[in-house]
Structures are given as C-alpha cells and as structure tokens.
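The values are calculated or read from the model by the stated rules, or taken from the named source; none is laboratory data. What you are looking at is a predicted structure, and each value in this text was computed from that prediction instead of being measured. Here the Cβ is made from the backbone with ideal geometry for all residues, glycine too, and neighbour counts use every protein chain on show. Side chains included, ligands, DNA and RNA excluded: accessible areas come from the protein's heavy atoms. Shrake-Rupley method; radii C 1.70, N 1.55, O 1.52, S 1.80 Å.
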Amino acid sequence: MAVSERRGLGRGSPAEWGQRLLLVLLLGGCSGRIHQLALTGEKRADIQLNSFGFYTNGSLEVELSVLRLGLREAEEKSLLVGFSLSRVRSGRVRSYSTRDFQDCPLQKNSSSFLVLFLINTKDLQVQVRKYGEQKTLFIFPGLLPEAPSKPGLPKPQATVPRKVDGGGTSAASKPKSTPAVIQGPSGKDKDLVLGLSHLNNSYNFSFHVVIGSQAEEGQYSLNFHNCNNSVPGKEHPFDITVMIREKNPDGFLSAAEMPLFKLYMVMSACFLAAGIFWVSILCRNTYSVFKIHWLMAALAFTKSISLLFHSINYYFINSQGHPIEGLAVMYYIAHLLKGALLFITIALIGSGWAFIKYVLSDKEKKVFGIVIPMQVLANVAYIIIESREEGASDYVLWKEILFLVDLICCGAILFPVVWSIRHLQDASGTDGKVNLAKLKLFRHYYVMVICYVYFTRIIAILLQVAVPFQWQWLYQLLVEGSTLAFFVLTGYKFQPTGNNPYLQLPQEDEEDVQMEQVMTDSGFREGLSKVNKTASGRELL
C-alpha cells in the first residue's frame, strides 16, 4: 500500500471537508521534483522510483529514512536489498516486470552504465559498485547542504584514496568534503562503502551523486530492489520511506522539461490569438452562427488557460522544487474542462449536429454516454498520475487506465463521423449537389481526426523514444502544434460564412414552393405573415 505526504483533512463543516478532499485528490503527494515516497506492507521485488535527465553539475540526493524488512535478525543478514542507478535510453525506463524471478539485478555484472548500492545489514554498510565508464560521476555520503553559499550546485573536489579498516569503519563517518572512493594501485575505482545505521528495527542511510562532466550527462533511472521477494508466493512485506531530490544547475526541472515553461507560454498565446480571431469571425457573421461555433470558441480559450497554468506550474517547480497549490488546482480544473470540451466538440461536429441536423440519433446519444464518462475517468487518471510518485503501487495501474481510456475515446469519436458520411451518401441521391459538398467536407474531417489522433498518440510517442534526452520536449511541441493545427483547420472548414455551401441546411424543395403558391393563390394564407429565414435555413427570432 502506497502512502504519500498529505495534509490531514481534520474537522470542519461538510463544505470545508469537501474542499480539503478536492485538494487531496488534485495535489495528493505531489511535491514537484522533491519526492517523498512511503510504502507500507510492500511486496514488490522491484520498485521504479524515478527517472530524471541530468546536465553537468546536476545532483541526485537520496535519503532512505526507513527500511523495515519484517524478518528475524538471522534472516535479514542474508537479504539481497539495495538501489540501482542506471543511465537509460532516451524516453525509455528500464522495466523489471517481465524478468525471470531468479534474475536479480543486484547480482548482475554489466558492461553498460550502472551503479549498485548493496545494503549489507550484517556489517551495517552499503557497498557501491560501478560498471561502465564513470570517470566523473561522483558519489558522496550524506545530503547536499540546504543553502549553498553560491548559486548552483557545489562542484565535486578531487578524489583521494580512502581505506576501510577491519572494524567496519565506513567512509560515511569520515569528513564529507570528498567522495567516498576507494582506489587501487592502478588508480581504477574499486567498491565504494557508505555507512548504514540501524535503529528501532529500521535501517537508514543517505547519499548524493554529482554529474561531473558532459560525458556523464543523460537520463538516469533510480530503482529499489528486494530480490528476496522475486519468487512468487514467497514475498515478505516490508516498509520503506525514501526522499529523492533532483536538481540541475538551472533549477529542479529535468533536462527535457526546462524548455516547457516557454513552450507552454507561447502555445497559450497562440490558442488565445486563435480564439480571439474565431470570435471576431462569429461576430461578423451572426446570421449564420450555430451554438457549436461558440462551443469551439470556448474550447480554444479553455485550452489557452490550461496551458497558461501549466506553464506557471513549471516555473515554480523549477525555482522551488514544487508547484503552488492554488495554481495547481486551477490547472487541473482547466485541464478537466478542456478534455471534456475537446471530445464533446469533436463528436458534435462529427455527428453533423446543427450542420446537417438539429437532433442527435439514439446511436449518437449512446456515443456521448460513453465518451463523457470515459473522459472524466481519463482526466481523473491523469490527475492521479501527476500527483503520485512513480514508485507508488498504483502508479502503473492508473497509467495503463489512462492509456486504455484515451484510446477508447479516440475510437468512439470516429463513429459519429462515419455515420454522418453514410447518411450523406444515402441522401445524395435526392439532392446530390448540396449533400455531395457536405459529404466531401465530412470525409475531410474524418481524415483530419485520424491524423490528429495519429500524430498526438503514436508519432509523438515514437519521437519521444527516438530523440536524445535533452530534446524530449519535442514530444510536447508536436502534441501542442498538432492540436493547434487541428483547431485551425476545423475552424476553417466549418467557419460560419454566409456563402459556405457546406454549412447550408437544405432549402425549401420544389414541392414546398408549389404548395405555397397554391395556398397563396387560393387566398388561404391571407392575413398571415411569412417568417424570414437565414441562408442557413434557421428562423430569425
């Protein structure tokens, strides 16, 4: 069971309790790039704690404050427990979910970049083993000072030979001005040793890592392993509390997240400009404006507000290590509204509502009955993912739920477009000119929706895996750029101009005209006034 840092609900009126509960849901245990993870009764053998992109002089601080293994002292002496720090490929995190239960990551020799922190409960020490070329990756005992004297991170000093005496004295008990490094005669690094404390049946230690040069820059993944729980059915519950603080020279953001503040700010301005321009078009063509056009305007403004709050959140995370609670709540609310409006608007346009008909069919109502709850679930899953730590037991579950629900929604919104195309194909026999024009429009819109889903869900993910770690922000650029292009093309295709033949509902047919002539000639309509209609066929009220 995962437990994160949270504020107690306390006592108060139902309204106050509800507000606090909303804050707990929206903010949960999220503390930006300063992570605090507490797991009780955990049985997983491998826990993926975090992934972060480091530049030169970037630092990783880890404090294991609680580790209760829940076993007898004799059994704890033979346990194989520890951390692993690996440099992974861009956009990819090492996965242990499908490994052989006899294959323990803490026992493997590796030629690739890997650091193992092996917890030795018998000798009360932590052995640090390095694999691969790591000449300027410096490991220090303890945490960094709370307030450095100069801006930025302290640069590591030159390493000096250290010895470990036979009594088990570790480098953690020595001065902290130099890394805990043991060197052999040839100068090649051997095993490092850190101190391990044991108090109240709990183990604890801390260390920090500094990226010393450009050669060590990259995307790092930190994991915790309890290889004694690898055998299914023989797991022993344990408790662990760990604090992780990651930082680059310019702030708390990962290398791929640093440009996102400016990116989201620029994209927010673009969506705002698009929304203002769209409203100006609506005001100039009031006689042919449908309700769906105003819904499209609301979507553009909501998207702009969501990106604005997202950008501000990244600014405070970069400077303080955590977001401002009020702004985070505003962002999640805007994100909820944007997600619901997006899929509702796409589905309404695809169904031809107001363009080719004013009433939704039963099938289309069922689609909305599926899409709207699914979007609520998808946004709740997104909020939970954002507020949970990667090591939480339900993090992967909610991530899979978000991916599955998002795919269902993307598939569901295509059905109204397909039904509209079939309806127009059947109706083209009676009024070929008008319905063929609309058929062409909805076929184009179908292709647009397919391309939008393809670029934002598939191409973007492939791009994230392919590019280097510091360029992974191109994933967000592609998603937001594709969304803006989709909005602009949709507005262009369905703009409310009087001479747009695609948006004109069928005019009175010849039979209605003849009946009107008969009724007029016979004097049957004497004293009645005719109601004027717009070019779109709607009554002017």
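The residue list L194, L153 contains one member that is modelled with pLDDT of 90 or more and of a type in the set (A, V, I, L, M), which is L194. Of the residues that make up segment 338-359, is at least one closer than 23 Å to H444 by Cα, surrounded by fewer than 18 Cβ atoms within 10 Å (Cβ to Cβ) and touching a strand residue (DSSP E or B) at 6+ places or on another chain (Cβ under 9 Å)? Taking every residue of segment 338-359 in turn, at least one turns out to be closer than 23 Å to H444 by Cα, surrounded by fewer than 18 Cβ atoms within 10 Å (Cβ to Cβ) and touching a strand residue (DSSP E or B) at 6+ places or on another chain (Cβ under 9 Å).
Of all residues in segment 249-268, those satisfying the criterion of being more than 30 Å from G352 (Cα to Cα) and either among the basic types (K, R) or free of Cβ contacts under 8 Å to residues at least 60 places away in the same chain (or both) are F261, K262, M265, V266. Take A381 and decide whether it is more than 30 Å from H35 (Cβ to Cβ) and open to solvent by less than 40 Å² (accessible area, probe 1.4 Å). No; evaluated as a whole, the condition is false for this residue. Residues that are within 21 Å of L341 (Cβ to Cβ), in a helix (DSSP H, G or I) and at pLDDT 80 or above are absent from segment 437-444. Considered as a group, the residues in segment 321-337 that are surrounded by fewer than 20 Cβ atoms within 10 Å (Cβ to Cβ), at negative phi and assigned to a loop (DSSP other than H, G, I, E, B) include one that is nearest to the chain's Cα centre (by Cα), and that residue is H322. Within segment 58-83, residues that are surrounded by 22 or more Cβ atoms within 10 Å (Cβ to Cβ) and of a type in the set (A, V, I, L, M) reach partners that are at pLDDT below 75 and part of a helix (DSSP H, G or I) with beta carbons closer than 7 Å, at six or more positions or on different chains, in the pairs L69/E76.
Of all residues in segment 360-371, which are within 24 Å of V447 (Cα to Cα), modelled with pLDDT under 80 and surrounded by fewer than 20 Cβ atoms within 10 Å (Cβ to Cβ)? Answer for segment 360-371, where residues must be within 24 Å of V447 (Cα to Cα), modelled with pLDDT under 80 and surrounded by fewer than 20 Cβ atoms within 10 Å (Cβ to Cβ): L360, S361, K363, K365, F368. In segment 197-220, the qualifying residues are those that are over 17 Å from G82 (Cβ atoms) and assigned to a strand (DSSP E or B), and the one that is modelled with the lowest pLDDT is L199. Considering the conditions (1) out of contact with any Asp or Glu (no Cβ under 8 Å at 6 or more places or on another chain); (2) within 25 Å of V465 (Cα to Cα); (3) modelled with pLDDT under 95; (4) open to solvent by 50 Å² or more (accessible area, probe 1.4 Å), V231 is excluded by exactly one of them, (2). Residues that are closer than 28 Å to W471 by Cα, in contact (Cβ under 8 Å) with a residue 60 or more places away in the chain, of a type in the set (D, E, K, R) and out of contact with any Cys (no Cβ under 6 Å at 6 or more places or on another chain) are absent from segment 288-298. Mind checking which pairs have a first residue in segment 223-242 that is under 10 Å from C104 (Cα atoms) and a second that is of a type in the set (D, E) and open to solvent by less than 50 Å² (accessible area, probe 1.4 Å), Cβ under 7 Å, 6 or more apart or different chains? Once the first residue is under 10 Å from C104 (Cα atoms) and sits in segment 223-242, its partners that are of a type in the set (D, E) and open to solvent by less than 50 Å² (accessible area, probe 1.4 Å) give H225/D46. Taken together, E400, E390, E386 contain a single residue that is open to solvent by 10 Å² or more (accessible area, probe 1.4 Å) and without any contact (Cβ under 8 Å) to a residue 12 or more places away in the chain, which is E400.
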